[in-house]
Amino acid sequence: MTKINPVNILKEHDLKHTKQRVRVLEEISMDEVAISQPELEKKLGKEIDRVTLYRILNTYEDKGILHRIMDMNGTANYAICSSSCSEHHHHDEHVHFNCTSCFKIYCLEVRIPKIKMPDGFTAKTMSTTAYGTCEKCNANPVKPD
Ligand SMILES: [Zn+2]
Ligand SMILES: [Zn+2]
């Protein structure tokens, strides 16, 4: 994942620069994998209350800065959209990978192919999540005790 500059991202999207907004972007861009909402709340709980955090995440999602990925337990996870995509404001349609061993969610650079909808249906977004074991878990399989 490319290094992001939170201040530039806010500027690009005409968002007012607040310390809290910067903190949320910093936290989310810290890791190459997506971060779950409970994890974000834990990390930022002292600085940002839940309602504000929720509002910031929604704004970012609307602006196409972040995208939300639901994991297999139905928990929301967030990842920064790649810069090439946010320029065009369209939603980032790539495959996600949910590791069933370490539970991390990866954004894969694999695009979801266009799927033709039946007449009368308009698809706005499409999501594909693959489940299995990630490269790290495959390299270090957990040995049962
Ligand atoms: Zn894994
Ligand atoms: Zn993604």
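If the limit is 26 Å between Cα atoms, which of K43/K124; K19/K124; K16/K42; K63/K136; K43/K136 go over it? Write out the running numbers ahead of the final one.
Values: K43/K124 32 Å; K19/K124 32 Å; K16/K42 24 Å; K63/K136 32 Å; K43/K136 24 Å.
The answer is K43/K124; K19/K124; K63/K136.
Longest span of the chain, sites excluded, free of trypsin sites (Lys or Arg not before Pro) in DSSP loop with at most 10 other C-beta atoms within 10 Å? Could you put the intermediate results ahead of the total?
On the way: sites that count: K3, K16, K46, K114, K116, K124.
My reading of the result: 47-113 is the longest stretch.
So which residue, out of I56, I105, I115, gets the largest mean-square fluctuation from a GNM of the chain using Cα contacts under 10 Å as springs?
With Cα springs under 10 Å in the chain, the top fluctuation among I56, I105, I115 is at I115.
Can you list the aspartates and glutamates whose alpha carbon is less than 15 Å from that of K104, not counting same-chain residues fewer than 8 positions off?
Those aspartates and glutamates meeting the cut-off are D31, E32, E39, D71, E135.
Largest first and in whole Å, what are the equivalent-ellipsoid semi-axes of segment 1-41 based on the Cα gyration tensor, each being the root of 5 times an eigenvalue?
Details: eigenvalues 70, 33, 10 Å².
Semi-axes, largest first: 19, 13, 7 Å.
Where a ≥ b ≥ c are the square roots of the eigenvalues of the C-alpha gyration tensor, would you call segment 6-139 rounded, which needs a/c under 1.5, or, failing that, prolate if a/b is larger than b/c, or oblate?
On the way: a/c = 1.84, a/b = 1.20, b/c = 1.53.
Oblate.
Less than 13 Å Cβ to Cβ from V22, Lys/Arg counted +1 and Asp/Glu -1: what total charge do the surrounding residues give? Mind dumping the intermediate values first?
Values: positive: K11, K16, K19, R21, R23; negative: E26, E27, E47.
Surrounding charge for V22 is +2.
Do any GluC sites (Glu not before Pro) in segment 1-70 lie in a loop, going by DSSP, with at most 14 other beta-carbon atoms within 10 Å of their beta carbon, and if so which? Intermediate values should be presented prior to the final figure.
Details: sites: E12, E26, E27, E32, E39, E41, E47, E61; in loops: E32, E47.
Here the GluC sites (Glu not before Pro) that fit, given the DSSP loop and packing criteria, are E32, E47.
Quick one: pull the percent of accessible area on the chain belonging to carbon and sulfur, 1.4 Å probe, ligands and nucleic acids left out. Please list the in-between numbers first.
On the way: 5030 of 9750 Å².
The value for the chain is 52 percent carbon and sulfur by accessible area.
The values are calculated or read from the model by the stated rules, or taken from the named source; none is laboratory data. Owing to the predicted nature of the structure, the values given are computational and were not obtained by experimental measurement. Cβ coordinates were reconstructed from backbone atoms using ideal geometry, including for glycine residues, and neighbour counts include every protein chain displayed. Areas reflect the complete protein model, heavy atoms only, side chains present, ligands, DNA and RNA absent. Shrake-Rupley method; radii C 1.70, N 1.55, O 1.52, S 1.80 Å.
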